[in-house]
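Visitor: Please see the structure below; I have some questions.
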Amino acid sequence: MKKSVMIWLIALLCLLLTVGAIAGCAAPSGEGGSAGSGDGSDVGTGTGEGDSGSGSGSGGSGGEGPGGSHQHSYGAWSVVVEAGCLSEGEERGVCACGDVQTRPIEPKGHSYGAWSVQTEADCMTEGSRVRACACGDEQYEPIPIGEHSLGPEATCTEDQICTVCLTVMVPAAHQNVVVDVAVEPTCSSAGYTAGEHCKTCGEVLIPQEERERLPHTFNRKYCRGCGAAELDAESTGLIFTPNTDGTCTVTGYGSCNDLVLVIPTYSPEGELVTGIEKNAFLNGSFVGVAFPPSLETIGNYAFAQCRYLKHVYVRDLAAWCGVAIGVDSDMSASPFNYASELWLNDTHITELVIPETVTEIGCRAFASTDIVSVRIHAGVQKIGEYAFASCESLTDIQLDEGLTHLGDGFVFERCKTLKSVTVPGSVTDMGSSTFNFCSELSDVTLQEGIRIVSGFSNCKALSTITIPQSATAIGHGAFSHCAALSEVVVPDGVALIDAHAFNSCDALRRITLGASVTSVGEKAFWRCKALTDIVLPDGVTRIGEEAFSECSALANVTLGKGLRDIGAMAFDKTAITSVTLSDAIRSIGYSAFQSCEKLLTVVIPATNEELVLERDIFYNCTALEHVTLEAYVKEIPSRMFAQCKALTEIALPASVESVRGSAFNDCEALTKADMPGVTLIEVSAFSSCVALVSINMPEVTALGKSAFAGCKLLRSIILPEGLVEIGDGAFSGTNLQWMVIPRSVKTVGEDVFPLKQLSNVYYAGDAASWEAIEMRNGKRILTEMLNYYAQVQPTGEGQYWHYVDGVPTKW
């Protein structure tokens with residue numbers, strides 16, 4: 001029993017220990033006292049403070065039972081209160097038993113953003129800047145005093161200052177001082193001492209002082225130092241010949257050996273010197289010549305072969321403008337044929353100003369000089385030919401209003417450095433060749449009033465031109481060989497495009513002709529290789545020879561309703577695709593459309609008057625397929641359609657009486673030829689028309705030599721009654737198997753028929769008339785295959801034939 005009681009007690013004790021342990025883990029911290037107040041009086045009484053975790057209860061104090069102790073496991077901490085910049089936060093851990101433990105979180109401290117400038121610093125005061133924390137706290141910091149703010153750079157007269165404090169940073173000073181080198185005096189110009197100036201502002205810092213020029217050193221009236229002439233000492237020994245009017249002419253230099261010929265105003269006999277004779281100074285060895293103001297004429301070749309001549313001295317520029325130099329285009333009359341320097345007394349002139357008293361500038365007056373500019377005032381009305389030709393240094397020309405005539409040509413020809421010119425409206429006729437070969441001329445202004453525009457041939461830099469509304473004609477060769485000219489509009493007032501006007505303008509791609517144009521001259525647009533289109537107004541009546549010849553890109557051509565005459569080779573070797581003429585057409589010159597290899601169709605309508613055609617008009621138009629010819633034409637000229645290899649049919653109007661030699665030669669696609677009124681077909685007219693199978697020529701009286709030779713597909717032919725003569729080889733090279741020879745035939749040439757292929761000859765006459773035919777060869781062979789015509793079936797022997805439905809048939 002005791003043993004059982006002991007076992008029970010032990011079990012009870014274990015139970016109590018277990019319950020105590022369970023009760024201690026479940027009690028949350030701070031609630032131990034409540035646990036201790038249970039029914040534990042048998043064991044003991046306990047008290048505890050919740051904060052300390054102690055308490056009374058069965059088996060122990062402070063949450064611990066008498067059976068043993070419990071270890072809390074709080075797991076992960078969780079934030080209950082976030083920490084601030086300066087304040088603590090709190091985090092808590094909870095045990096599975098429900099016990100809770102807390103601990104503080106350290107303050108984060110401030111986290112400031114980017115600085116923001118409140119006040120800019122300058123060269124005089126500090127600035128400040130601030131940055132803020134997310135909590136609202138702000139931090140301030142000073143910005144140190146800064147650098148100076150520089151204004152514009154210092155100049156010769158202005159300081160560079162600080163724009164804030166106005167402190168001078170860089171004082172004003174001359175930044176680019178240039179030394180003006182001393183210049184030694186010469187006989188032609190004064191000298192100067194050395195000096196200085198500021199290149200930037202131009203201020204003279206050390207002025208140069210002028211030094212007196214040196215005297216000339218003359219040797220035989222020539223100063224080798226500068227080229228001046230001793231004009232006060234006239235040459236002696238010259239030969240003078242009296243004139244009938246009391247004046248005299250210089251005819252040679254006689255015994256004079258001066259390097260500069262100073263021609264006097266008066267001869268030793270007191271006669272006024274007015275002329276220089278032809279050949280007067282031929283082969284002269286002098287270097288300069290000075291002319292008197294009394295001079296009026298200089299004869300041809302007066303200065304020919306004067307190879308050393310360099311200087312020309314005039315004492316009166318106005319008088320020199322009136323001197324007549326030579327009588328033809330030969331420059332040998334002019335002293336400037338070799339000389340280039342023009343001197344007015346002792347000054348070498350490069351900037352020429354024509355005196356206001358001058359009304360006319362003579363021929364060759366300043367040709368080939370080294371002038372760089374010329375001013376021609378309003379009083380000058382006329383400039384002679386070649387007046388300024390070959391002035392290769394001339395870059396500036398000023399022509400005032402009032403000038404009316406630019407000579408007969410060549411006034412400014414070959415001024416190779418001239419780039420721009422304005423021609424006043426008072427110039428009604430510009431003259432031919434005025435600016436020819438001015439290779440750098442690119443800017444041309446033609447003012448209103450000009451009527452005849454001309455004179456710009458071979459201006460290769462000229463790309464645009466505006467023709468004034470006042471113009472009535474584009475003159476001969478006006479813009480020929482202007483390689484850069486690309487587009488031209490001809491205004492409505494222009495009636496004439498003269499010969500060669502735009503010849504060889506390689507870049508010309510567009511030309512617009514005004515409604516008033518009536519005539520386009522010879523070679524007006526020859527070899528304009530970029531031109532693709534042209535519309536000829538209805539007022540155009542004439543197109544000259546070769547007007548558009550070799551315009552290789554010209555594909556679209558509109559011919560006006562008033563066009564009457566097309567000159568020879570007018571459109572040859574172009575890319576034209578169709579030709580449609582009006583009923584006004586009266587003549588077409590030879591080779592007008594020759595070798596237009598893209599030409600497809602031709603339409604020539606009916607006309608009231610005869611249309612005169614010349615040879616080779618459509619020769620070698622290899623793509624020509626269709627021709628409509630309805631005009632009143634009497635003949636098809638030689639080779640008119642020769643080598644038109646795509647032409648398949650031809651129908652000639654009844655007015656055509658003759659087809660000339662080789663007219664359709666080598667038309668290899670031609671199958672049919674209808675010639676209702678033709679009486680004469682000349683030599684080789686249809687030779688080598690290898691596809692020809694049908695020929696209608698009811699009125700023909702004569703067939704020329706080789707007329708149809710080589711027409712390989714021609715297997716039969718009915719020659720019409722009325723045919724009298726058949727020329728040599730007319731049908732040689734054909735494949736004729738049968739043919740009808742009319743009774744009217746009188747002569748047959750040599751080798752006319754292909755005897756090997758021919759099997760039947762139908763003769764429209766009888767044996768007697770056959771024997772009467774004059775035939776050079778083959779008559780015996782033909783006789784063997786001959787059939788005589790019999791309208792009614794004959795009863796006798798022999799070979800006879802008649803027509804059955806138009807086909808010759810043997811009886």
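Visitor: Rg and Dmax of the chain over Cα atoms: what are they, in angstrom?
Guide: In Å, with Rg to one decimal and Dmax whole: 59.2, 198.
Visitor: Here's something else I'd like to know. Computed FRET efficiency, Cβ-Cβ of GLU750 and GLN793, R0 41 Å: what is it to the nearest 0.05? Provide the component values of the computation, followed by the final result.
Guide: On the way: r = 36 Å, r/R0 = 0.87.
The value I calculate is 0.70.
Visitor: Determine the sum of side-chain charges near TRP526: Lys and Arg each +1, Asp and Glu each -1, restricted to other residues whose C-beta is under 15 angstrom from that of TRP526.
Guide: Details: positive: LYS523, ARG527, LYS529, LYS573; negative: ASP498, ASP506, GLU522, GLU545, GLU546, GLU550, ASP572.
That works out to -3.
Visitor: Right, another one. Quick one: Karplus J couplings for the stretch 483-490, per residue in order, coefficients 6.51, -1.76, 1.60, θ = phi - 60°, nearest Hz, x for Gly and Pro?
Guide: For the stretch 483-490, the Karplus curve yields 5, 9, 5, 10, 8, 9, 10, 8 Hz.
Visitor: Taking the Cβ of GLY195 as the center, what net charge do the other residues with Cβ under 13 Å away carry, scoring Lys and Arg +1 and Asp and Glu -1? Before the final figure, lay out each step's value.
Guide: Numbers: positive: LYS199, ARG211; negative: ASP180, GLU196, GLU203, GLU209, GLU210.
Spelling it out: positives minus negatives among the neighbours equals -3.
Visitor: Once the piece of chain linking HIS626 and THR102 is laid out straight, how much longer is it, given 0.36 nm per residue of separation minus the C-alpha distance between them?
Guide: 177.2 nm
Visitor: What is the spin-label model distance, in nm, from GLN469 to VAL807 if the labels are put 7 Å beyond Cα along the C-beta direction?
Guide: Between GLN469 and VAL807, the label points sit 7.5 nm apart.
Visitor: Could you give the spread of the C-alpha atoms of the stretch 127-271 along their three principal axes, from largest to smallest, in whole angstroms?
Guide: If we take the Cα atoms of the stretch 127-271, the spans are 125, 31, 20 Å.
Visitor: Same structure, new question: State the extension gain, in nm to one decimal, for the chain segment bounded by LEU150 and CYS123, taking 0.36 nm per residue of separation less the distance between their alpha-carbons.
Guide: Numbers: separation 27, 0.36 × 27 = 9.72 nm, distance 1.08 nm.
Additional length available on full extension: 8.6 nm.
Visitor: Given Cα positions, please report Rg to Rh for the stretch 532-633, the hydrodynamic radius being the Kirkwood one.
Guide: Numbers: Rg = 12.1 Å, Rh = 13.1 Å.
Expressed as Rg/Rh, it is 0.92.
Visitor: Now for a different question. Which angle from 0 to 90°, rounded to the nearest 10, does the C-alpha axis of helix 2-26 make with the longest principal axis of the chain?
Guide: So the helix axis and the longest Cα principal axis differ by about 50 degrees.
Visitor: Work through the residues other than THR422 whose Cβ is under 15 Å from its Cβ and net out their charges, Lys, Arg +1 and Asp, Glu -1. Before the final figure, lay out each step's value.
Guide: Working: positive: ARG375, LYS419; negative: ASP396, ASP400, GLU401, ASP443, GLU448.
Cβ neighbours under 15 Å give a net charge of -3.
Visitor: Looking only at Cα atoms, what is the convex hull volume of the stretch 160-215 per residue, in Å³? Show your work: numbers first, answer last.
Guide: Numbers: hull volume 3.5 nm³, N = 56.
Cα convex hull per residue, to the nearest whole number: 63 Å³.
Visitor: Okay, moving on. For the chain, what is the percent of antiparallel DSSP beta bridges, rounded to the nearest 5? Kindly include the intermediate steps, with their values, before the conclusion.
Guide: Numbers: 49 of 143 bridges.
Given both bridge residues lie in the chain, the antiparallel proportion sits at roughly 35 percent.
Visitor: Another one. Once phi is turned into θ = phi - 60°, what whole-Hz ³J(HN,Hα) does the Karplus curve with 6.51, -1.76 and 1.60 give for every residue of the stretch 571-577, x standing for Gly and Pro?
Guide: 10, 5, 6, 9, 9, 4, 9
Visitor: Between TYR140 and VAL170, what is the FRET efficiency for a Förster distance of 41 Å, r being their Cβ-Cβ separation, to the nearest 0.05?
Guide: Numbers: r = 37 Å, r/R0 = 0.90.
With a Förster radius of 41 Å, E is 0.65.
Visitor: When the Cα centres of the stretch 766-811 and the stretch 558-635 are compared, how far apart do they sit, in Å?
Guide: The stretch 766-811 and the stretch 558-635 have Cα centres separated by 44 Å.
Visitor: Over what distance in Å are the Cα centres of the stretch 300-362 and the stretch 667-710 separated?
Guide: Each part's Cα centre sits 71 Å from the other's.
Visitor: Using 1/(1 + (r/R0)^6) with R0 = 30 angstrom and r between the beta carbons of ASN257 and VAL179, what's the FRET efficiency to the nearest 0.05? Walk me through the numbers on the way to the answer.
Guide: Working: r = 47 Å, r/R0 = 1.56.
For R0 = 30 Å, the calculated efficiency reads 0.05.
Visitor: Now, a different point. From the phi of every residue in the stretch 727-743, what ³J(HN,Hα) in whole Hz does the Karplus formula 6.51 cos²θ - 1.76 cosθ + 1.60 yield, where θ is phi - 60° and glycine or proline is x?
Guide: Taking θ as phi minus 60°, the curve returns x, 3, x, 4, 10, 5, x, 8, 10, 4, 9, 8, 7, 10, 9, x, 5 Hz for the stretch 727-743.
Visitor: Compute the distance from the alpha-carbon center of the stretch 462-496 to that of the stretch 83-105, in whole Å.
Guide: 103 Å
Visitor: Then there is this: How large is the helix-only mean residue ellipticity at 222 nm for the chain, computed as the sum of -39500 (n - 2.57) over DSSP H runs with n ≥ 4, divided by its residue count, in deg cm²/dmol to the nearest 500?
Guide: Details: 5 runs with 47 residues, N = 811.
Mean residue ellipticity, 222 nm, calculated: -1500 deg cm²/dmol.
Visitor: Between GLU699 and SER759, 0.36 nm times their residue separation minus their Cα-Cα distance comes to what? All intermediate terms of the calculation are to be shown ahead of the outcome.
Guide: Working: separation 60, 0.36 × 60 = 21.60 nm, distance 2.61 nm.
Contour length minus the Cα-Cα distance gives 19.0 nm.
Visitor: With only alpha-carbon pairs counted, each pair once and no self-pairs, how large is the Kirkwood hydrodynamic radius of the stretch 218-348 in angstroms? If you can, show how the numbers build up before the last one.
Guide: Working: mean 1/r = 0.0697 Å⁻¹.
Hydrodynamic radius (Kirkwood, Cα pairs) of the stretch 218-348 is 14.3 Å.
Visitor: Working from the alpha-carbon coordinates of the stretch 350-499, get Rg over Rh, Rh being the Kirkwood radius.
Guide: Reported Rg/Rh (Cα atoms, Kirkwood Rh): 0.94.
Laboratory data are not the source of any read-out in this text; all were calculated from the coordinates shown. Everything numeric in this text was worked out from a predicted model, so none of it was measured. Cβ atoms come from the backbone with ideal geometry, glycine included; neighbour counts cover every protein chain shown.
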